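To keep things clear, I will list the structure first and then write my remarks on it.
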Amino acid sequence: MTTGGLITRSFVRLVGVLCLIVILAACEGLGGEPVIVATQLPATSAPADRGYPLDPPDLALGASLFAQRCAACHGESGRGDGELVLAGQIPPPPDFTDPETARAQRPSDWFMTITHGRIENGMPPWAGALTEDERWAVAMFTYTMATTQGQLEQGGEVHQASVQAGYWQNHHEGLLSKMPCRPQ
Ligand code: HEC
């Protein structure tokens, strides 16, 4: 093998490597194509309105937040008779102990009112002061205020009676019999 042949072969290899670099650079976006760095919209500071909480709301936390942050207007029991209302500084809010108040709206509606407030009517926005979890906790706690202990006990009795009557078992077996492949 001559020295000339060796030089030619190294030169060809060098040109090949250079071409490869140019091609790779073009693929990487150096060839004038815009580089796609992200395919998702950038996060905004506003929380997404999912309409439901990510974790089960903590009702005990909701109760303590209500006492600290809401009772001055809504009253300790949620009747709308807080001290600022009694002093005539705030117009009376709806009575949370009245089932009609709760039935008229969904918990997610209340979550949105708590988040954004209705400042023109005296209800402050809580998005800045409470986290999303805290707002769900206090929204769901507020929703429970229309449920009396008597109703909870009545619900428990209905449930017990239906368990004793085998309702759930029959219901369960009825559902299973409709499944195309029954789990054993
Ligand atoms: C400064 C007084 C004030 C405070 C504090 C306050 N609220 Fe209110 N809230 C009101 C008033 C007044 C309304 C009625 C607004 C209206 O009529 O549009 C209201 C309305 C609401 C509603 C909507 C009820 C409905 O049926 O439309 C919810 C839910 C609510 N408040 C929850 C809360 C929670 C939870 C807190 C505490 C984190 C809180 N509020 C703190 C005054 C207050």
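Apply 1/(1 + (r/R0)^6) to the Cβ-Cβ distance of Glu132 and Ser177, taking R0 = 35 Å, and write down the FRET efficiency to the nearest 0.05.
Values: r = 42 Å, r/R0 = 1.21.
Efficiency, rounded to the nearest 0.05: 0.25.
Which order, highest average first, do 53-61, 134-142 follow once you tally other Cβ atoms within 10 Å for each residue and take the mean per peptide?
On the way: 53-61: 13.7, 134-142: 23.2.
Highest mean packing first, the order is 134-142, 53-61.
How much length would be gained if the chain were fully extended between Glu157 and Asp109, taking 0.36 nm per residue of separation minus their Cα-Cα distance, in nm to one decimal?
Working: separation 48, 0.36 × 48 = 17.28 nm, distance 3.07 nm.
The Glu157-Asp109 span can extend by a further 14.2 nm.
What does the charge count around Tyr167 come to, taking other residues whose C-beta lies under 14 Å from its C-beta (Lys +1, Arg +1, Asp -1, Glu -1)? Each step should come with its number before you reach the end.
Working: positive: none; negative: Glu157, Glu173.
Net local charge, Tyr167 excluded: -2.
Add +1 for every Lys or Arg and -1 for every Asp or Glu among the other residues with Cβ under 15 Å from the Cβ of Ala71, and state the total. Walk me through the numbers before you get to the answer.
Details: positive: Arg69, Arg79; negative: Glu76, Asp81, Glu83, Asp95.
Result for the neighbourhood of Ala71: -2.
Report the gain in length on full extension from Ala165 to Leu84: 0.36 nm times residue separation, minus Cα-Cα distance, nm rounded to one decimal. Can you show the working numbers first?
Values: separation 81, 0.36 × 81 = 29.16 nm, distance 5.10 nm.
24.1 nm is the gain from fully extending Ala165 to Leu84.
Would you work out if the range 59-149 is rounded, prolate or oblate? Take a ≥ b ≥ c from the square roots of the eigenvalues of the alpha-carbon gyration tensor; rounded if a/c is under 1.5, else prolate when a/b is larger than b/c, oblate otherwise. Before the final figure, lay out the partial values.
On the way: a/c = 1.34, a/b = 1.08, b/c = 1.25.
Verdict is rounded for the range 59-149.
What number comes out for the charge environment of Asp133, summing +1 per Lys or Arg and -1 per Asp or Glu over other residues with Cβ under 11 Å away? Kindly include the intermediate steps, with their values, before the conclusion.
Numbers: positive: Arg135; negative: Asp55, Asp58, Glu132, Glu134.
Summing Lys and Arg as +1 and Asp and Glu as -1 gives -3.
Select from Gly88, Met123, Ala72 the residue farthest towards the positive end of the dipole of the range 59-149; place +1 on Cβ of Lys and Arg, -1 on Cβ of Asp and Glu, and compute about the Cα centre.
Most positive-ward Cα: Met123.
Counting pairs of alpha carbon atoms under 8 Å apart in space and at least six apart in sequence, what relative contact order in percent does the range 59-149 give? Please report the intermediate quantities before stating the final value.
Values: 121 pairs, mean separation 30.2, N = 91.
Reported relative contact order: 33 percent.
Taking amide H positions as placed 1.01 Å from N in the peptide plane, with prolines and chain starts having none, which residues 5 or more places from Met123, or on another chain, fall under 5 Å of its amide H?
Close amide H contacts, sequence-distant or interchain: Arg118.
Classify the range 102-145 as rounded, prolate or oblate, taking a ≥ b ≥ c as the square roots of the eigenvalues of its Cα gyration tensor: rounded when a/c is under 1.5, otherwise prolate if a/b is larger than b/c and oblate if not. Before the final figure, lay out each step's value.
Numbers: a/c = 2.10, a/b = 1.17, b/c = 1.79.
It comes out oblate by the Cα gyration axes.
The numbers here are math on the coordinates, done by the rules we state, and not lab data. As the structure is a computational prediction, the values presented were derived from the model and not from experiment. A quick note on method: Cβ atoms are made from the backbone with ideal geometry, for glycine too, and the neighbour counts reach across all protein chains shown.
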